[in-house]
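Structure first, commentary second.
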Amino acid sequence: MTLQFTYEHGNRHKHAAIKLPVNLQNPRLYRFERVQGLVDTGAEMTIVDMSLAARLGLKRIREQKVATADASQPARHYPVYVATVVIGDVFHETIEVVGLKRRNPNEILIGRDVINTWYMEIWGPTQQGVIRREPPSA
């Protein structure tokens, strides 16, 4: 179970950004959308745009106080939804995601709640990488 990827410098990012194709699904209604997932090691939880959550009809289960790292939005309570996140064959789980207003509503932030289930290797000079569910063999 591996996912190989390449990445490059984006126009909106100061540093190279790792973006992965993601299927975001409503686990109750079997609706899904294919979106870009920006790997964000600074995000504690996975973040989706509230309009995407509404389009998919994600179930709102509670609110959680969240502060954004760039202070683009005030620290306040935001809705938490249940969604199934599918990233290649390295992640397919139903998790809690936080709904925020995002600049790009079709891009989610993949937080440490997902990242911490992976073994990830990045080769900076070639801008390539691989994600595994199991540790690499020695």
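The values are calculated or read from the model by the stated rules, or taken from the named source; none is laboratory data. Source: prediction; values computed, not measured. Neighbour counts run over all protein chains shown; Cβ positions are idealised from the backbone, glycine included. With ligands, DNA and RNA removed, areas are computed over all heavy atoms of the protein, side chains included. Shrake-Rupley method; radii C 1.70, N 1.55, O 1.52, S 1.80 Å.
Miscellaneous remarks
- Among residues of the stretch 89-135 being among the hydrophobic types (A, V, I, L, M, F, W, C) and in a helix (DSSP H, G or I), the one that is surrounded by the most Cβ atoms within 10 Å (Cβ to Cβ) is Val114.
- Residue among Val66, Val86 that is under 25 Å from Thr6 (Cα atoms) and either in contact (Cβ under 8 Å) with a residue 60 or more places away in the chain or open to solvent by 20 Å² or more (accessible area, probe 1.4 Å) (or both): Val86
- Meeting the requirement of 2 or more residues that are under 21 Å from Trp118 (Cβ atoms), the strands (runs of 3 or more DSSP E) wholly within the stretch 27-78 are 32-39, 47-49.
- Which listed residue, of Glu44, Glu107, Glu96, is touching a residue at least 12 places away in the same chain (Cβ under 8 Å), within 14 Å of Val22 (Cα to Cα) and under 17 Å from the mean Cα position of the chain (by Cα): Glu107
- Against the test of being at pLDDT 95 or above and surrounded by fewer than 19 Cβ atoms within 10 Å (Cβ to Cβ), the options Arg28, Arg55 yield a single qualifying residue, Arg55.
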